[in-house]
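Everything below concerns the one structure shown next.
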Ligand code: ADP
């Protein structure tokens, strides 16, 4: 039996999952690490703690499976994207904490940059992104401008930048490799996603020396070997992808028009748009889905800010339910929401409305409305927001979605999945293994190391658990969507 180790480094925890050659999970281990909030809206992680946590889970996963490092044929890495680590390549010491994707410390600077329409267009055309603190570029600039010795070190070629994949690979290889893959590079706001190289004009603008950036490699293929001292054996690292791209891959979305949605705290909808990038007119982001064997595939990406979080809110702030899973039983106790709509615009609304000033509302309450109606309306709101995003993706790409593959915590909710299919008018397909992020990394590594022959083979390894077929007539679905749209319009008044 051949084994693949998938390292899934998330925003709150590190995981290691061992898969066998049939892509069945054999063992897994997880360890949380500290979230550091130095100021309001600033978020940091300690890179050394992340490395220690990742190494701990590797050892634990091996132990649980009764395997040793030599039994692993390939390693795949997937990671929280955009988070910037800056370290000294000679000593291996980070110069400061990692600046996490959520951190808003460069918001003011990004606001100034966005006033220049020409620059905004250049950023979108070159990197596929919108100017936002989310992406790595302004985080790197912040470190170079604020951490003593950072700029001098970077100019001397000693101080380097990497996203978390880069950092882990540097550590796994005993400091020998400084690389990242194209999907992670495409989230830095410095990478030309068509020419596949760091963009000089953007490097100049952000005053970032090119020599501090990692070499970029394909998402699948042997790119480095682990150091024996560190890992116990020299094992090939053969797959790398950012978390959302990895989940798209693990969901087997290899063809243009195929999409996946992850229902987590927020939702991430990604559609494979094929080998040419599609630039959005609806403020969606264009990103590299993967590059394999010389071919680049692109994706359009959109996110819902408040997805499963609305259920957490019902549980923690409203006290309407004891746990998230209970929301399903509540929703099924009533036939509909009795006209109640919740628009969970807690932090504003994203695509297609882009109203940062909008705030949440509950509309249509009558004397007969009860807890179950409210809970149902909250679940429906998740599905409506995903519907709105899917419409944007379809408009921008000119592609019609045949179905959607789903994962994430709230995808376990059968009511939500059925309702999603009903309003979309096409099937919602949930795999048996909803850990698609680590599965994607295992697919990429297995393909890269020759354990899996090709993508057709991988397509068969993704096993469907349950398909939710639409049951509601289109006329009824349209009425429901109209009700949602009216509620959204009511919520937008604040931002007018
Ligand atoms: P993340 O990776 O963003 O932390 P997860 O994929 O673990 O998120 O999903 C957790 C989210 O999903 C939480 O917001 C939780 O409220 C929601 N959730 C989990 N299970 C259910 C369920 N059965 N029904 C509805 N929401 C759920």
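Judged by the mean number of other Cβ atoms found within 10 Å, the most tightly packed of the peptides 405-413, 314-322 leads the ranking 405-413, 314-322. Bin all alpha-carbon pair distances of the stretch 342-412 at 10 Å intervals from 0 and give each bin's fraction as a whole percent. With a bin width of 10 Å, the distribution comes to 16, 39, 34, 10, 1. On a per residue basis, the convex hull of the C-alpha atoms belonging to the chain measures out at 139 Å³. Under the rule a/c < 1.5 gives rounded, and otherwise a/b versus b/c splits prolate from oblate, where does the stretch 131-187 land using the Cα gyration tensor? Oblate is the answer for the stretch 131-187, as a/c is 1.5 or above yet b/c matches or exceeds a/b.
The calculated FRET efficiency for residue 276 paired with residue 365, based on their beta-carbon distance and R0 = 45 Å, is about 0.40.
With a Förster radius of 51 Å applied to the C-beta separation of residue 329 and residue 156, the computed FRET efficiency comes to 0.25. With a Förster radius of 35 Å applied to the C-beta separation of residue 196 and residue 42, the computed FRET efficiency comes to 0.60.
Taken along the Cα-to-beta-carbon direction at a fixed 7 Å, the label points for residue 394 and residue 204 span 4.4 nm. How would the stretch 137-243 be classified by its alpha-carbon gyration tensor: rounded, prolate or oblate, with rounded meaning a/c under 1.5 and the a/b versus b/c comparison settling the rest? It comes out oblate by the Cα gyration axes. In degrees, nearest 10, range 0 to 90: what is the angle between the Cα axis of helix 47-64 and the longest Cα principal axis of the chain? Once rounded, one gets 80 degrees. In the chain, Cα pairs under 8 Å separated by at least six residues give a relative contact order of 15 percent. Mean sequence separation of contacting Cα pairs (under 8 Å, at least six apart), scaled by the length of the stretch 3-244, corresponds to a relative contact order of 20 percent. Averaging Cα coordinates gives a centre for the stretch 229-281 and one for the stretch 453-476; these two points are 17 Å apart. One quarter of the convex hull surface built on the alpha carbon atoms of the stretch 1-152 amounts to 11.5 nm², the projected area averaged over directions. Per-peptide packing, taken as the mean over residues of other Cβ atoms within 10 Å, places 226-239, 112-125 in the sequence 226-239, 112-125 from highest down.
Tilt of helix 117-127 relative to the longest C-alpha principal axis of the chain, in degrees (0 to 90, nearest 10)? Relative to the chain, helix 117-127 is tipped by roughly 70 degrees. For 87, 484, 354, the sequence from fewest to most other C-beta atoms within 10 Å is 354, 484, 87.
For the stretch 64-120, relative contact order (Cα pairs under 8 Å, six or more residues apart, normalised by length) works out to 21 percent. Simple spin-label estimate for residue 471 and residue 12 gives 3.2 nm between the two label positions (7 Å along the Cα-to-Cβ direction from each Cα).
Each peptide in 215-221, 54-60, 76-82 receives the mean, over its residues, of other Cβ atoms within 10 Å, and ordering these scores from highest gives 76-82, 215-221, 54-60. If you find the alpha carbon centre of the stretch 206-227 and of the stretch 124-150, how far apart are they in angstrom? Using only Cα atoms to place each centre, the spacing works out to 17 Å. In this rough spin-label picture, where each label sits 7 Å from Cα along the Cβ direction, the residue 35-residue 464 distance is 3.7 nm.
DSSP assigns beta bridges within the stretch 3-244; of those with both partners inside it, close to 65 percent run antiparallel.
Axis angle, to the nearest 10 degrees, between helix 414-424 and the longest C-alpha principal axis of the chain: 80 degrees.
Considering only DSSP beta bridges whose two residues both sit in the chain, what percent are antiparallel, to the nearest 5? Counting only bridges with both partners in the chain, antiparallel ones make up about 70 percent. Diffusion coefficient of the stretch 297-338 by Stokes-Einstein, Kirkwood radius over Cα pairs, 10 °C, 1.306 mPa s: 129 µm²/s. Taking other C-beta atoms within 10 Å as the exposure proxy, 306, 375 rank 306, 375 from fewest upward.
Extent of the stretch 1-57 along its three principal axes (Cα atoms, max minus min coordinate, largest first): 49, 18, 12 Å.
Along the Cα-to-Cβ line of residue 228, 7 Å from the Cα, sits a label point; which residues in the stretch 164-197 have backbone N less than 11 Å from it? Under cut-off, by backbone N: nothing.
Just to confirm my numbers, what's the Cα centroid distance between the stretch 301-367 and the stretch 410-426 in Å? Measuring centre to centre over Cα atoms gives 15 Å.
Every number in this text was worked out from the coordinates using simple rules, so none of it is lab data. Values in this document were obtained by computation on a predicted structure and should not be read as measured data. Note that we place each Cβ from the backbone using ideal geometry, even for glycine, and neighbour counts take in every protein chain shown.
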